[in-house]
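Data block below; observations after.
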Amino acid sequence: LEIKSRGFYPKGGAEVFCNLKPVKKLKNIELETRGEVKIIRGISVCSNLPESVAERQKASAENILRKAGYETEIIKEAVNSDSTGSALVLWAECKNSTIGSDSLGEIKKSAENVGKDAAEKMVLQLQNDFSLDSHAADQIIPYMALAEGESSITTSEITKHTLTNMEICEKLIGIKFSVGKNK
C-alpha cells in the first residue's frame, strides 16, 4: 500500500496505490484477545498549515500515551493538498492484533486537542483485551463470511456498521452470525 498523495475534506484528492494478490481460499479466524501492547505508532499530518500543527498534535498524543505507560513512535508530515486539514492516526501493535484510533482537525479545534482526542480514544480502547477495535471489527465481517469454517473475534463495540455488514452477508452468502456479550 502506497499513499501517493493525501486528501482532506471537502475536495479530497487523495491517491493510493494498492497491489493485491488473490488467495484461493480464506482461512477462518479465531481471535479472542489482542495480547500485550508492543508499541503505539502513529502519523500526525497537516495540509496547507504550518508544520508546527503536526508537531503539536504529535506532542500532545505522546504525552498522554507515555503517561499511560506506552512506548510511542509517531511521525509528523506536512503536505500540500486541495484542502486544508489535519489528522492524527494511531495504531497499537499488539501480540495478536492491531488496535487503532484517530482524530481529525476541525475549525476552532486546537492541534493539542486533536492529539489528546486520538490518544484518549487509544487508552480507552486498551483498557480491555478485545482483539479488534470497532472499526476493524465492522470491516472484517465480509472476510469472516467468506472464510472456510467458523470464525470468532472480540471487539470493543458492536457498531451499526458491524450489524449492517452482518445482515448483508447473511442475506447475500447465506451464512449466520451470532453476537454474544463479554463475560
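The values are calculated or read from the model by the stated rules, or taken from the named source; none is laboratory data. Remember, it's a predicted structure, so these values are computed and weren't measured experimentally. Every residue, glycine among them, receives a Cβ derived from its backbone with ideal geometry; neighbour counts consider all protein chains shown. Each accessible area value is taken on the protein alone, full model and side chains, heavy atoms only, with ligands, DNA and RNA left out. Shrake-Rupley method; radii C 1.70, N 1.55, O 1.52, S 1.80 Å.
Scanning region 140-154 for residues that are farther than 18 Å from E93 by Cβ and either crowded, with 18+ Cβ neighbours inside 10 Å or without any contact (Cβ under 8 Å) to a residue 12 or more places away in the chain (or both) yields I141, M144, A145, S151. For the residues V123, V179, the requirement of being β-branched (V, I, T) and more than 30 Å from G7 (Cα to Cα) singles out V179. The residues of region 6-31 that are under 23 Å from C46 (Cβ atoms), open to solvent by less than 70 Å² (accessible area, probe 1.4 Å) and either among the charged types (D, E, K, R) or touching a Gly at 6+ places or on another chain (Cβ under 6 Å) (or both), listed by number, are R6, G7, F8, G13, A14. Within region 26-48, being aliphatic (A, V, I, L, M) and over 16 Å from N113 (Cα atoms) holds for L26, I29, L31, V37, I39, I40. The residue pairs whose first member lies in region 57-76 and is over 14 Å from V45 (Cα atoms) and touching a residue at least 12 places away in the same chain (Cβ under 8 Å), whose second member is assigned to a helix (DSSP H, G or I) and open to solvent by less than 50 Å² (accessible area, probe 1.4 Å), and whose beta carbons are closer than 6 Å, counting only pairs six or more residues apart or on different chains, are I64/A119; L65/A119; A68/V123; T72/E62; T72/L65.
Give the residue, chosen from I75, I29, I39, that is within 30 Å of I141 (Cβ to Cβ) and under 18 Å from the mean Cα position of the chain (by Cα). None of the others qualify; the one that does is I39.
Number of residues in region 124-183 that are in a loop (DSSP other than H, G, I, E, B), within 23 Å of the chain's Cα centre (by Cα) and among the β-branched types (V, I, T) equals 4.
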